[in-house]
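Data first, discussion second: the structure below is written as structure tokens.
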Amino acid sequence: MKNNVCLLGFLAVTALLLAGKVLTVKVLRTQLLAKPDFLSNNLAAIQKGARLELIETQGNWFLVKNANGSKGYVHQSAVTESKVNLSGIMPGKKGASDEELALAAKGFNEGNEKKIRGSKGYNFAAVEWVMDQDVANAALVEFIRDGKLQ
Amino acid sequence: MKKLTQQSCEVPCKGGIRALNSKFKICSKDLPNFRICYKALMLLLCLCQLLAAWKLPSLSKLSKAKKGVEMVAGATHKISEEEEYYIGRAVAANILSQYPLWKNKALCHYLNLIGKALVLKSERPEIFGGYHFALLDSAEANALSAPGGIIFLSRGIVEMAENEDELAAILAHEIQHIVSKDPLQAIKSQRMKSLGTFAAGEALGSSSEVLNIFKDSVLDITGTLLQKGYSRGQEKDADLGALDLLVAAGYNQDALLAMLEKCQKIEKKKAKAFSAHPSAAKRIDYVSDALGKASGKDMSVRFARFKKSVSR
């Protein structure tokens, strides 16, 4: 009986770690796609910091499940692998990640952008105009198809 | 571990554990020792798993300040995609303070469609803020890529292009610079080193020195993009990478050669076309050597939409 308890404990820890294979979205925004193809249907918009449960890997693509339980694909360049968060049950650091602290340390961040906004030599209003010029996925699909591109 | 026997025990093994091979059974007299070993093994495996996931933070004796210094020192070697994005925005803002933006929405939309069709085939299809393509209202024939994916084409170079594939060739070259993070290489190493020498408390705060390094880094990159230029090696890699990208997206590679030949003609007139690049003649040589077969696909739709978008 005690041996079975040990075995169950081992299996439970293993399951916890495997189930904790979580990917975090590292880009500002991306899409959960129906197929491992940028031109496939968009199932859901996902934002930076969203956590996705990894189901399987297919080449450069990950099949994942989002917080709503929707399954779909994200490209590997949009996510970063994160360890299971054991902060609730294990001692360890909390708060800002190493990456966030390093970012703050170097000053290449939103805070310093705000400080130089309005300074001579920077036209951020024009940058915002550029960032607003986006194309819809459906328009891109049509453009590629009509132009006999791939 | 006590011995395992291949022979059946005379006394039935109550509570005995079946081994992987069903022929192996454990004699009851060995069970107490075996159970102890088994429990110890399971406990050890559980501990190993937890420690591996936990990355041993509690074992570190580093103080927070010391850790901060280490992170900053480490940061001198690597710039994250988020940092690349913010420095890229500042570089773009600096360029746009020197060259007016050409707010031609229809043409900008067309440029973004071509650019994004190429990006999907690149090695960095998803970057922090996504790729953005825009036009500068300048007669100079030039193309620039700010870190983080903001790419500018001047009115002069758009007017040089005679079809969509040629516009794609210019964009593919600039996308390759982003893929290789070439703009970031322009930041003088001394700036990154000086960041690493700050005390943790100062660096983690909002020091004016850090802000100055941010501004100086922007000027390093803008200076390279507008005047100094990339190294010949970087340009060659971008050209050869562009050829692969064009083919992958379904465009004709010949378009890059055609654009370079146009640049060569302008160079002879001592114009500023691609002044930041190696000579067009040298680029034509290695691009010609690397050219593959023309795609042979029907380009009529691409010709028509180019004509519609790029009105002359």
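The values are calculated or read from the model by the stated rules, or taken from the named source; none is laboratory data. Keep in mind it's a predicted model, so treat the numbers as computed, not measured. Every residue, glycine among them, receives a Cβ derived from its backbone with ideal geometry; neighbour counts consider all protein chains shown.
Among the residues making up segment B:209-234, those that are modelled with pLDDT under 90 and of a type in the set (A, V, I, L, M) are B:V210, B:L211, B:I213.
Residues in segment A:124-135 include none that are at pLDDT below 90, facing chain B (nearest Cβ under 7 Å) and farther than 30 Å from B:K297 by Cα.
Collect the residues in segment B:139-153 that are part of a loop (DSSP other than H, G, I, E, B), closer than 14 Å to B:L111 by Cβ and among the hydrophobic types (A, V, I, L, M, F, W, C), keeping them in residue-number order. Correct list: empty. Residues of segment B:121-153 that are small (G, A, S) and within 28 Å of B:D298 (Cα to Cα): B:S122, B:A134, B:A143.
Taken over segment B:94-103, the criterion of being in contact with a Ser or Thr (Cβ under 9 Å, 6 or more places away or on another chain) and at the interface with chain A (Cβ under 7 Å from one of its Cβ atoms) is satisfied by B:N94 alone.
Please state which one of B:E166, B:E159 is within 20 Å of B:K262 (Cα to Cα) and touching a helix residue (DSSP H, G or I) at 6+ places or on another chain (Cβ under 6 Å). When all the criteria are applied, what remains is B:E166. Within segment B:267-312, track down each residue that is in a loop (DSSP other than H, G, I, E, B), at pLDDT 75 or above and either farther than 30 Å from B:K105 by Cα or aromatic (F, W, Y) (or both). Once the filter is applied, which keeps residues that are in a loop (DSSP other than H, G, I, E, B), at pLDDT 75 or above and either farther than 30 Å from B:K105 by Cα or aromatic (F, W, Y) (or both), segment B:267-312 yields B:P278, B:S279, B:L291, B:G292.
Can you name every residue in segment B:77-101 that is farther than 19 Å from B:T222 by Cα and among the hydrophobic types (A, V, I, L, M, F, W, C)? Once the filter is applied, which keeps residues that are farther than 19 Å from B:T222 by Cα and among the hydrophobic types (A, V, I, L, M, F, W, C), segment B:77-101 yields nothing.
Annotation: A:G107 fulfils all but one of (1) touching a Ser or Thr at 6+ places or on another chain (Cβ under 9 Å); (2) surrounded by fewer than 15 Cβ atoms within 10 Å (Cβ to Cβ); the unmet one is (2). Reported count of residues in segment B:78-93, each being within 14 Å of B:P183 (Cα to Cα) and in a helix (DSSP H, G or I), is 11.
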